[in-house]
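Worksheet for the structure shown next.
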Amino acid sequence: MNNSLPRLFELPEKVRYFFAAFLLVLTIGVSIGLVYVNRTTAMTADGTTEHYAGSTLGDELDIPDKYPKEIEGMLLTTHTHLISFSFIFFFLGAFFYMNSIVTNGWKTFLMIEPFVSVLGTFGSIWGIRYYSALFSIATLVFGILTYLSFYLIVAVCLYDLLLKKD
């Protein structure tokens with residue numbers, strides 16, 4: 001690939017450490033978000049369905065553990081996550097573009113895929129809430145792809161920034 005930008009390992013040492021520090025702190029923040037997802041959904045299809053659509057009740061006298069998310073909560077969750085993940089993957093994509101390890105089609109795929117997965121993740125929570133619990137499978141698949149992409153891109157960038165030599 002004809003790249004007019006320097007590759008990550010070619011950047012000045014201080015810039016490489018600055019970028020690496022940013023990636024490490026970003027990874028901690030994203031990982032804390034993943035811990036929150038685990039606490040609220042148990043990372044299962046049933047837990048995800050319950051989180052957005054509310055608890056299933058045995059009869060009308062039961063009190064639900066979780067109530068269905070109100071539209072305001074759905075809008076707020078979708079709004080904040082789409083904006084946040086857009087910025088996260090924009091900056092990651094910019095760093096990843098300069099990596100020297102993954103090239104050509106895979107580089108392009110990994111720069112674009114997280115945006116598709118984020119839309120799939122947060123689109124499917126609307127499906128869970130308003131259409132069918134089956135959308136929880138899509139939420140899990142797209143969520144897994146989102147986080148796998150994130151950690152893979154960060155790992156490649158950190159390797160290029162901190163470990164790769166000429």
Identify the single condition in (1) under 30 Å from residue 9 (Cβ atoms); (2) in contact with a helix residue (DSSP H, G or I) (Cβ under 9 Å, 6 or more places away or on another chain); (3) at pLDDT below 95 that residue 104 does not satisfy, given that it satisfies every other one. (2)
Determine whether segment 44-59 contains at least one residue that is of a type outside the set (Ser, Thr, Tyr) and modelled with pLDDT of 95 or more. yes
Looking only at segment 121-166, count how many residues are touching a residue at least 24 places away in the same chain (Cβ under 8 Å), surrounded by fewer than 21 Cβ atoms within 10 Å (Cβ to Cβ) and small (Gly, Ala, Ser). 1
Test result for residue 88, in contact with a Lys or Arg (Cβ under 8 Å, 6 or more places away or on another chain) and either among the hydrophobic types (A, V, I, L, M, F, W, C) or surrounded by 15 or more Cβ atoms within 10 Å (Cβ to Cβ) (or both): no
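The values are calculated or read from the model by the stated rules, or taken from the named source; none is laboratory data. The structure displayed is predicted, hence computed values, not measured ones. With ideal geometry, Cβ positions are generated from the backbone for all residues, glycine too; neighbour counts draw on all protein chains shown.
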